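S.K.: Below are the structure tokens for one structure; questions will follow.
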Amino acid sequence: MTDTAWETLSNQAVAAAGVVYFLALLVHLAEWASLRQPKAARSAAAAGAQEQGAGGTAVAVATGPEGADGADGRAGRVAFLGRLGVMLTAIACAAHGVALLGRGLAADPNRVPWGNMYEFTLSGTFVVTLMYLVLYKRLGLHWMAPLVVGFVTATLMIAVIWLYAEVSPLTEALNSPWLVIHVVSAVIATGAFTIGGILSIMYLVKDRRGEWTTGPLARVPSLQALDRAAYRVHAFAFPVWTFAVLITGPIWAHEAWSRYWNWDPKEVWAFITWVVYAAYLHARATGGWKGRNAALLAVVGLATLWFNFIGINYFSTTSQHSYAAPVAADAPVLGARE
Amino acid sequence: MSATDTRPSAPAPSGEPPRRAGELGLRELGRWTWRQLTSMRTALVLLLLLALAAVPGSVIPQSGVDALAVSRWKDEHPTLAPVYERLDLFSVYDSVWFSAIYILLMISLVGCILPRTAAYARAVRAQPPAAPRRLDRLPGHRAVRLEGVEPEAALEHAAAVLRRRRYRLRSSDQRGEAVSAERGYLREVGNLLFHVSLLVVLAGFAVGVLFGYQGAVIVVKGTTFSNTVSSYDDLDPGSRFTPAQLDPFTMTVDDFDVTWLTKGSSAGTAREFVADVSYDLDGETRTYPLRVNHPLTIGDTDVFLVGHGYAPVITVRDGEGNVAYSGPTVFLPQDQTFLSFGVVKAGSARPQQIGLDGLFFPTFSLVDGDPVTVWPDDLDPLVSMTLWTGDLGLDSGVAQSVYALDTSNATQVMRADGEQPFRLDLRPGETVQLPDDLGSVTFEDVQPWVRVQVSQTPGKFVALGGVIAALIGLLGSLFIRSRRVWVRARPDGAGATMVDVGVLERAGGGDVEDVLDALVADLTELAGPSSSSPSTATSDSTTSPSESGKDPA
Ligand code: HEM
């Protein structure tokens, strides 16, 4: 296949992934909508062996055998929609992967698919989906499906509309094995922090609103379970982020720019993110900060993370990180001379 | 192991006479301050402050990062600039207030590490604590009925099981009717290692900032750079830098190659810069292909390739026919097209000094008689300069930039029509006679130049070792599960033995159910599969929250 063919394939795969993600979102929303009807919600919950039976029985008695059948049918439908949604998400994720592969193979010479903001966002959202698919069973994340899929769909759309760039070779400074390690770990941590952040946001929402007993959100786990799942995801992401930002990043920066730490805006924000998450881990161990405040810190951390990922490029022009400006990295350094 | 309960709280001032409010002794004040400073809450607040304090440096240009951007910013904001200046906002990361925060954090850190290390040392020597009276009050609890097993035998077996699982046991003479076991001591070691390593990283970083330096210099192909303070175009030394620490080497740029992309969306950008250099240290000469991402290390010094450009070789003959200036002249690229600006100062030209300033076009094309740049590679170069005579200020004793012409006392030579400045456009090998018998200018050919960054960063391996140790400690601290297990056995009155198992997960988000499952399975193997009845009494408290919260689907 020619480079142009790979590039075309990549673009088509992104489009396909976007469409399938969107379908998955619709399916999951339909799933939620089915839960919204109280009867269905209760019987679905009962089917999941979670609800305290009493309500379900009351309904069954009130509506008679036919009503009970209808509720069962709806529970079946909810389960079916849930499975369909996960399947669609998996298909979209595969297409997403193909899109990344295509970007890498379209370049001459072939390279890792994260040379600019577009590709970086493509990789980041891919990892969010992948992380979700890997973890949803283990951590019981099914309830967050619409949030994850919605987030990925929206971010992909932003990437395609505003960040798109044609395939071009890596700038010289980016052409380093450390880049591969650095970015892979940064992207993995970003994906995990995003999942953890969604858990913490849900914690805050639930903390404010109180328990739901009906409706789509009834299946959101208890506060304690949310807090614990969030901690586990963050505890995984934090060392990975440490590795990306404080080990491989500086090693690469030292080779490319002669300073391992230069207080470049991207570095500063990566550091801020790191410090905020360190504060989150502390908060979880501090009386009075546990729970709500810790979750707040996790959300602040997520905000700094994504701000650094996308936002900082629009606030600061001095970043040497060349996703901001693809050609700047090997431009002659003119500044410092009188 | 939540910090709030493991940290030894300072002893209450018991036995001291009560005081009236406000009558705090100096010692108490000190102790109070220390306790505040080293509390977990303070650490938390200081961390948040540190994050907050780092923000301005990412939006306001920093002189340590980009001095030019700072002066440009100051020009654009004349009223704000002095205020920002006073607040150190152009050098946030060296500022007093930023330093204050991280120094406080470090003090707090030391104040945290020391007592925790002491507490840890005690904990390692201490026995796992005796079993609480009621194991069923613990977050993880199971009761098992073992038939045909004496309580003593059940406890022996439990001890063996726990020892096999690498728990530490409370010694048997203090056991009583229960087994106490603990594991995961290394978690705290990991935590301490992590926090100590942070100090190591900071130390390594500080050494680099204080004793290191960064210099930059442009070296034209074929010329030699010798590593002395005066050879640098600019030098950014740490406050404890001494010139004696410069490695005494010389380095010659023998050749420089760039590959230009000729097709695709990034056509016209450069790839694969290679400067073949030879360097000389202690009488030994070696060569190295210097490339981006592949720095050269000479002694303690690292040399990096960071930029490149063109130096037209220009010869100026004065009105008396003598060579007043000759050599490669560094022109500075203005943008990605490598359109470059430079000046020539022929101070010894007679009867008048001659100055030239103008542009270099690597590959040019004429549009309405004026050159424009069409390609960054020097395929068809042109220099286009205007001419100045008179006093160029070279003898005034004031240091001058080699990239700017002081024209305050000079006059620009105009064309014969008097309207337009006289302009000389030269291609390689061409010579132009200057008007008014001033002399002539020859554009001989073009040499490439490279800009190298030269630096010493002492302490970099200390810092690297520090972060790696910190990461290892962090992994231990986050993933080693630390817990206590108690097993109690008593006759149930009907010929069997009731075994109670209690688990206390001491940190992290560990699930106790899987631990209990495994332990109970091991404990009941003694009685054989038929006689045991595991999980007879699974009280409400043993259902883990995450279980009950699991998604129904
Ligand atoms: C320099 C700034 C600091 C950073 C970046 C930092 C970072 C961290 C991180 C990431 C953790 C979580 C890993 C773990 O559980 O061991 C942690 C835990 C902890 N830190 Fe710090 N820390 C800092 C300063 C301090 C200070 C000053 C104290 C003392 C008050 C402290 C006390 C603790 C304690 C007690 C834990 C264990 C929490 C637990 O039980 O899970 N830290 N720290």
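The values are calculated or read from the model by the stated rules, or taken from the named source; none is laboratory data. Since this is a predicted model, take the numbers as computed values, not measurements. Neighbour counts are summed over all protein chains in view; Cβ atoms, including those assigned to glycine, are modelled from backbone coordinates with ideal geometry. Each accessible area value is taken on the protein alone, full model and side chains, heavy atoms only, with ligands, DNA and RNA left out. Shrake-Rupley method; radii C 1.70, N 1.55, O 1.52, S 1.80 Å.
S.K.: So how far apart, in nm, are the two label points at B:Glu76 and B:Glu150 if each is 7 Å from Cα heading toward Cβ?
M.R.: 8.8
S.K.: Moving to a separate point now. Would you work out if the stretch B:204-336 is rounded, prolate or oblate? Take a ≥ b ≥ c from the square roots of the eigenvalues of the alpha-carbon gyration tensor; rounded if a/c is under 1.5, else prolate when a/b is larger than b/c, oblate otherwise. Write down the numbers at each step before the final one.
M.R.: Working: a/c = 1.82, a/b = 1.24, b/c = 1.46.
Note, shape of the stretch B:204-336 comes out oblate.
S.K.: Considering only protein heavy atoms and a 1.4 Å probe, what is the carbon-and-sulfur percentage of the accessible area of chain B? Spell out each step's value before the answer.
M.R.: On the way: 14940 of 26730 Å².
After summing per-atom areas, the C and S share lands at 56 percent.
S.K.: Pairing the Cα long axis of helix B:40-54 with the longest principal axis of chain B, what angle in degrees results, from 0 to 90 and rounded to the nearest 10?
M.R.: Roughly 20 degrees between the two axes.
S.K.: While we're on this one: Answer with one residue from B:Pro115, B:Ala81, B:Ala43: the one whose Cα lies farthest towards the positive end of the charge dipole of the stretch B:26-123, charges on Cβ with Lys, Arg +1 and Asp, Glu -1.
M.R.: Of the options given, the answer is B:Pro115.
S.K.: A further question follows. Once R0 is set to 35 Å, what does the formula 1/(1 + (r/R0)^6) return for the Cβ-Cβ distance between A:Leu130 and B:Glu272, expressed as a FRET efficiency to the nearest 0.05?
M.R.: 0.55
S.K.: Here's another thing I want to ask about it. Under the 0.36 nm per residue contour assumption, what length would be gained going from the current alpha-carbon distance of B:Asp94 and B:Asp233 to full extension?
M.R.: Numbers: separation 139, 0.36 × 139 = 50.04 nm, distance 2.38 nm.
Contour length minus Cα-Cα distance gives 47.7 nm.
S.K.: Another question, then. Quick check: the angle from helix B:151-164's long axis to the longest principal axis of chain B, C-alpha only, nearest 10 degrees?
M.R.: The angle comes out near 10 degrees.
S.K.: Next question, about the same structure. Name the shape class, rounded, prolate or oblate, that the alpha-carbon gyration tensor gives for the stretch B:26-123, where a ≥ b ≥ c are the square roots of its eigenvalues, rounded holds for a/c under 1.5, and otherwise prolate holds if a/b is larger than b/c and oblate otherwise.
M.R.: Numbers: a/c = 4.12, a/b = 2.75, b/c = 1.50.
Here the stretch B:26-123 falls in the prolate category.
S.K.: List, largest first, the extents of the alpha carbons of the stretch B:311-449 along their principal axes, each in whole Å.
M.R.: Ordered largest first, the stretch B:311-449 gives principal extents of 38, 35, 26 Å.
S.K.: Pull out the extension gain between B:Ala126 and B:Arg41, defined as 0.36 nm times the separation in residues minus the alpha carbon to alpha carbon distance; nm, one decimal. Before the final figure, lay out each step's value.
M.R.: On the way: separation 85, 0.36 × 85 = 30.60 nm, distance 2.80 nm.
Extra length from B:Ala126 to B:Arg41 when fully extended: 27.8 nm.
S.K.: Now for a different question. Compute the relative contact order of chain B as a whole-number percentage, counting only Cα pairs closer than 8 Å that sit 6 or more residues apart in sequence. Numbers along the way, then the final one.
M.R.: Numbers: 1048 pairs, mean separation 112.3, N = 553.
It comes to 20 percent, rounded to a whole number.
S.K.: Greater than 32 Å separation of Cα atoms is the criterion. Which listed pairs, B:Lys221/B:Lys263; A:Lys266/B:Lys74; A:Lys137/A:Lys266; A:Lys137/A:Lys206, meet it? Don't jump to the answer; show the numbers that get you there.
M.R.: Values: B:Lys221/B:Lys263 28 Å; A:Lys266/B:Lys74 23 Å; A:Lys137/A:Lys266 35 Å; A:Lys137/A:Lys206 21 Å.
The answer is A:Lys137/A:Lys266.
S.K.: For chain B, just say rounded, prolate or oblate: build the C-alpha gyration tensor, square-root its eigenvalues into a ≥ b ≥ c, call rounded for a/c under 1.5, and beyond that prolate if a/b exceeds b/c, oblate if not.
M.R.: On the way: a/c = 3.64, a/b = 2.71, b/c = 1.34.
Taking the square roots of the gyration eigenvalues as a ≥ b ≥ c, chain B is prolate.
S.K.: Take peptide B:41-48, look around each residue's Cβ out to 10 angstrom, count Cβ atoms belonging to other protein chains, and average those counts.
M.R.: Averaged over the peptide's residues, the number is 6.
S.K.: According to a simple spin-label model (label point 7 Å from Cα along Cα-to-Cβ), what is the distance in nm between A:Ile158 and B:Thr242?
M.R.: Output for this residue pair reads 5.3 nm.
S.K.: Still on this structure, I have one more. Can you give the accessible area of B:Glu272, probe radius 1.4 Å, in Å² rounded to 10?
M.R.: Here the accessible area works out near 110 Å².
S.K.: Quote the charge dipole size of the stretch B:77-216 about the Cα centre in Debye, to the nearest 20; the model charges only the Cβ of Lys and Arg (+1) and of Asp and Glu (-1). Intermediate values should be presented prior to the final figure.
M.R.: Details: 18 positive and 12 negative charges, 127 e Å.
That gives a dipole near 620 debye.
S.K.: Mind giving me the nanometre distance, one decimal, between the label points for A:Ala303 and B:Asp445, set 7 Å out from Cα along Cα→Cβ?
M.R.: Between A:Ala303 and B:Asp445, the simple spin-label model gives 6.2 nm.
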